Amino acid sequence: MNLVTVLLIIGLLMIFAGCWCLMRTYHLLKITIGIEVAMKAVTLFLVLAGRISGSLALSETFVITVMVAEAIVAVVGTGTAVGLFRKYGSMDVRNLKQLKG
Amino acid sequence: MTILSICAHGFVYCPILVVLIYNLFNHEFARKHFIWFAGAGATWQILTSAAGFFVLHQSGQNGYAFGALWDPGLPGSAYFELSGPRFLLLLIVGLVAFVSVLVAHHTVDFNRSSYTNLLMILVLGMNGMLLVTDLFSLYVFMEVTGLCCFIMIAMFRSRADLEGSFKYLILSELSSIFILTAVAFLMMKTGSLRYTDLAGLGSRISAGSGRLEDVLFYAALVLLISGFAIKTGVVPFHSWLPDAYQSADTAVSILLSGAVNKVAGVYGLIVVMELFGDVAPVGKSLAAVGIVSIIIGALLAVRQPHYKRVVAYSSVSQMGYILLALSTGTTLGLVAALAHIFSHTAFKSTLFTNAAALQEQAGTLELQDLGGLENQMPVTAFTSIIAFLSTAGIPPTAGFWSKILIILALWQAGSPVLAAVALIAGILSSAYLIRLQRTVFFGQTRPELAGVKEAHGSVLTAEILLTVITLGLGLLYPYILMLLHAGGIL
């Protein structure tokens, strides 16, 4: 097994861990963290892509842009979670039953 | 400076300029007069997209490349490009923003400054998505669009708003992860993400070779399609859509259904079809998702208890038609998809504007509390009927012609079964629409709704404007079909 395959497998495991976190936890912040873990795996893939195709400079700029974007997403997601905490007094996702049809 | 370059740069600079100027004024003045600033931005967008289209058409060029602050000819630099089909989507963005501002004048009160700023950044994000020429910039502008939507839904801070926004955020980020992973996989293969470098990549890949990069290419296609399908809100991925549309303020719902899920979702799929349409499974999977979406969306719409939820599920169903048209991969298919995008924008914005009128006048959108409003709200009832006719595809409305085009495109591409299913599913859409019209407008007036009056001011203007567009396009479509015939497309 070469380095590329190992890194690919690690990345896929991280995405799987993130999605597992999305499905199995009921805590708003843990769900946000799950998303962040999966996003980190994606930045790993982008670095790997730069290494394989030989355009490492391009992939570095991509990774930095993705970091900025995901930081803003994390801020908005946590902000919404805090707003929900103020309304319900808990971070449990099972409280969210306003919208049904 | 030519007219074309002014139009082109305006799509990028005008929203930023509006935000900068708007924030110079003091808060109270800005809150009172927000309609002029946001309206000016939207009007500029409508005028320049129409003017730009005619100038480009006259000059006979295919596209116009430009950079925001740099020379687009520099080697390796990212650049913007204006071309034919993008103009229609830019026009839709402008039109929807305009209608949303008219509605927000009545529905949004304390958050008007935030609304105006976010609306302009949202328009910037969508313009960016339509103008860029590489997949990574597409992702960046998609993230800008998405973030503005999350904040706009959660802005009013009720329990339902925050819940709808959080659900949308989680699923939308999942789609971002899918799309970025696909981008990384494609970059492993090519080392560049420009559309010109990616186009035709499918023909250089052999399916059965078993090499890692070829396997990753197919994985990338799956991820791209599911990512953009989440953003579009078609059936296996639709769970966020009714929640987000129902919880958002009506002015924001108009933006979401009219522009955001078309630009962030369907336009992404148009790009995927343009780049990788020659790989056969791409078209087939779009057709499968489309047909499932048409039927299940319509069936779910029949039993919803809330006006906006019915309209939201109807959106799911209509997106299915657009995907079905795209899946053919022909020029006629693309034209049909764009035509249906436009008529869907017109009739779905009418329905949401009517929702704003009902919410303002009757105070509720729960279907069990509404009934018999036909005599008190004659204009709203009439515009709603026209929108329903257009949704169900009955002449003389715009929806009829765009559905005819979709069925013709499917027939021409050699799938008469899909065409027949699309035709029959129209009956299902009439079912939920007749139910909605009957419960809200027809029948006995409820005693507690006796004092309800017709909508007034800008909401009424928006209703009439959109109905004129639906009917006018319906009457003008034969000319458009003649133009298509003369161009050799039909």
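Within the stretch A:75-101, residues that are facing another protein chain (nearest Cβ under 8 Å) reach partners that are crowded, with 18+ Cβ neighbours inside 10 Å and β-branched (Val, Ile, Thr) with beta carbons closer than 7 Å, at six or more positions or on different chains, in the pairs A:Val76/B:Ile151; A:Gly77/A:Thr32; A:Ala81/A:Thr32. Of all the listed residues (B:Phe87, B:Phe110), the sole one being open to solvent by less than 20 Å² (accessible area, probe 1.4 Å), farther than 16 Å from B:Pro15 by Cα, at pLDDT 85 or above and aromatic (Phe, Trp, Tyr) is B:Phe87.
Tell me, please, whether a residue that is touching a residue at least 60 places away in the same chain (Cβ under 8 Å), over 18 Å from B:Ser315 (Cβ atoms) and among the β-branched types (Val, Ile, Thr) can be found in the stretch B:413-421. Yes.
Restricting attention to the stretch B:161-201, the residues being within 25 Å of the chain's Cα centre (by Cα), open to solvent by 20 Å² or more (accessible area, probe 1.4 Å) and within 8 Å of chain A (Cβ to nearest Cβ) number 3. Taking the criterion of being more than 13 Å from the chain's Cα centre (by Cα), polar (S, T, N, Q) and at the interface with another protein chain (Cβ under 10 Å from one of its Cβ atoms), the residues of the stretch A:11-65 that qualify are A:Ser53, A:Ser55, A:Ser59, A:Thr61, A:Thr65.
A:Asn2 meets all of the listed conditions (1) more than 8 Å from chain B (Cβ to nearest Cβ); (2) out of contact with any strand residue (DSSP E or B) (no Cβ under 8 Å at 6 or more places or on another chain); (3) at pLDDT below 90; (4) surrounded by 14 or more Cβ atoms within 10 Å (Cβ to Cβ) but one, namely (4).
Among the residues that make up the stretch B:96-114, is at least one of them closer than 20 Å to B:Thr353 by Cβ, out of contact with any helix residue (DSSP H, G or I) (no Cβ under 6 Å at 6 or more places or on another chain) and either in contact (Cβ under 8 Å) with a residue 40 or more places away in the chain or hydroxyl-bearing (Ser, Thr, Tyr) (or both)? Yes, the stretch B:96-114 has at least one match.
Checked against (1) buried (at least 18 other Cβ atoms within 10 Å of the Cβ); (2) without any contact (Cβ under 8 Å) to a residue 60 or more places away in the chain, B:Ile6 passes all but a single condition, namely (1). Picking from residues in the stretch B:202-244 that are under 30 Å from A:Val6 (Cα atoms) and among the polar types (S, T, N, Q), the one that is nearest to the other protein chains (Cβ to nearest Cβ) is B:Ser226.
Within the stretch B:112-133, can one find any residue that is under 28 Å from B:Tyr195 (Cα atoms) and hydroxyl-bearing (Ser, Thr, Tyr)? Within the stretch B:112-133, one or more residues are under 28 Å from B:Tyr195 (Cα atoms) and hydroxyl-bearing (Ser, Thr, Tyr).
Of the residues examined, B:Met152 is one that is under 22 Å from B:Ser257 (Cβ atoms) and either more than 10 Å from chain A (Cβ to nearest Cβ) or surrounded by 24 or more Cβ atoms within 10 Å (Cβ to Cβ) (or both). Evaluating B:Tyr115 against the criteria (1) more than 13 Å from chain A (Cβ to nearest Cβ); (2) under 17 Å from the mean Cα position of the chain (by Cα) leaves one unmet condition, (2).
Quick one: is B:Leu130 within 9 Å of chain A (Cβ to nearest Cβ), touching a Lys or Arg at 6+ places or on another chain (Cβ under 8 Å) and in a helix (DSSP H, G or I)? The answer is no for B:Leu130. If you check B:Ile434 against the conditions, is it part of a helix (DSSP H, G or I) and open to solvent by 40 Å² or more (accessible area, probe 1.4 Å)? Here the answer is yes, as B:Ile434 does meet what is asked. Residues that are closer than 26 Å to B:Glu274 by Cα, without any contact (Cβ under 8 Å) to a residue 40 or more places away in the chain and touching a Gly at 6+ places or on another chain (Cβ under 8 Å) occur in the stretch B:48-56; there is at least one. Annotation note: Cβ proximity below 6 Å between a residue of the stretch B:15-39 that is farther than 23 Å from B:Gly125 by Cβ and a residue that is surrounded by 14 or more Cβ atoms within 10 Å (Cβ to Cβ) (sequence gap 6+ or interchain) occurs for B:Arg31/B:Arg112; B:Arg31/B:Ser113.
Remark: B:Ser429 matches the filter, which requires a residue to be closer than 30 Å to B:Glu366 by Cα and either in contact with a helix residue (DSSP H, G or I) (Cβ under 6 Å, 6 or more places away or on another chain) or free of Cβ contacts under 8 Å to residues at least 12 places away in the same chain (or both). Filtered by the rule that a residue be surrounded by fewer than 18 Cβ atoms within 10 Å (Cβ to Cβ), in contact with a Phe, Trp or Tyr (Cβ under 8 Å, 6 or more places away or on another chain) and closer than 30 Å to B:Tyr79 by Cα, the stretch B:206-251 gives a lone residue, B:Ala219.
For (1) out of contact with any strand residue (DSSP E or B) (no Cβ under 8 Å at 6 or more places or on another chain); (2) polar (S, T, N, Q); (3) at pLDDT 90 or above; (4) more than 16 Å from B:Met155 (Cβ to Cβ), each residue gets a yes or a no:
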position	(1), (2), (3), (4)
B:Phe228	yes, no, yes, yes
B:Pro236	yes, no, no, yes
B:Gln246	no, yes, yes, no
B:Thr250	yes, yes, yes, no
B:Ser253	yes, yes, yes, no
B:Ala259	yes, no, yes, yes
B:Leu269	yes, no, yes, yes
B:Met273	yes, no, yes, yes
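Of the helices (runs of 4 or more DSSP H) contained entirely in the stretch B:257-360, not one carries at least 1 residues that are within 14 Å of chain A (Cβ to nearest Cβ), acidic (Asp, Glu) and surrounded by fewer than 24 Cβ atoms within 10 Å (Cβ to Cβ). I'd like to check something: does the stretch B:450-460 contain any residue that is acidic (Asp, Glu), touching a residue at least 40 places away in the same chain (Cβ under 8 Å) and crowded, with 20+ Cβ neighbours inside 10 Å? Checked against the condition, which is being acidic (Asp, Glu), touching a residue at least 40 places away in the same chain (Cβ under 8 Å) and crowded, with 20+ Cβ neighbours inside 10 Å, the stretch B:450-460 yields no hits at all. Of the residues making up the stretch B:110-130, none is within 25 Å of A:Tyr26 (Cα to Cα) and of a type in the set (Lys, Arg). The listed residues are B:Ala104, B:Ala78, B:Ala97, and the only one of them that is within 14 Å of chain A (Cβ to nearest Cβ), more than 17 Å from A:Ala69 (Cα to Cα) and among the aliphatic types (A, V, I, L, M) turns out to be B:Ala78. In the stretch A:13-46, what residues are closer than 18 Å to A:Val63 by Cβ and either open to solvent by 70 Å² or more (accessible area, probe 1.4 Å) or not in a helix (DSSP H, G or I) (or both)? Of everything in the stretch A:13-46, just one residue is closer than 18 Å to A:Val63 by Cβ and either open to solvent by 70 Å² or more (accessible area, probe 1.4 Å) or not in a helix (DSSP H, G or I) (or both), namely A:Lys40. Of the candidates B:Phe442, B:Phe388, B:Phe382, the single residue that is open to solvent by 10 Å² or more (accessible area, probe 1.4 Å) and over 21 Å from B:Thr250 (Cα atoms) is B:Phe442.
Of the listed requirements (1) under 29 Å from B:Thr330 (Cβ atoms); (2) under 23 Å from the mean Cα position of the chain (by Cα), B:Gln61 misses just one: (2).
The values are calculated or read from the model by the stated rules, or taken from the named source; none is laboratory data. Worth saying up front: this structure is predicted, and the values here are computed from it rather than measured. Ideal geometry is used to build each Cβ from the backbone, glycine not excepted, and the neighbour counts take in all protein chains shown. With ligands, DNA and RNA removed, areas are computed over all heavy atoms of the protein, side chains included. Shrake-Rupley method; radii C 1.70, N 1.55, O 1.52, S 1.80 Å.
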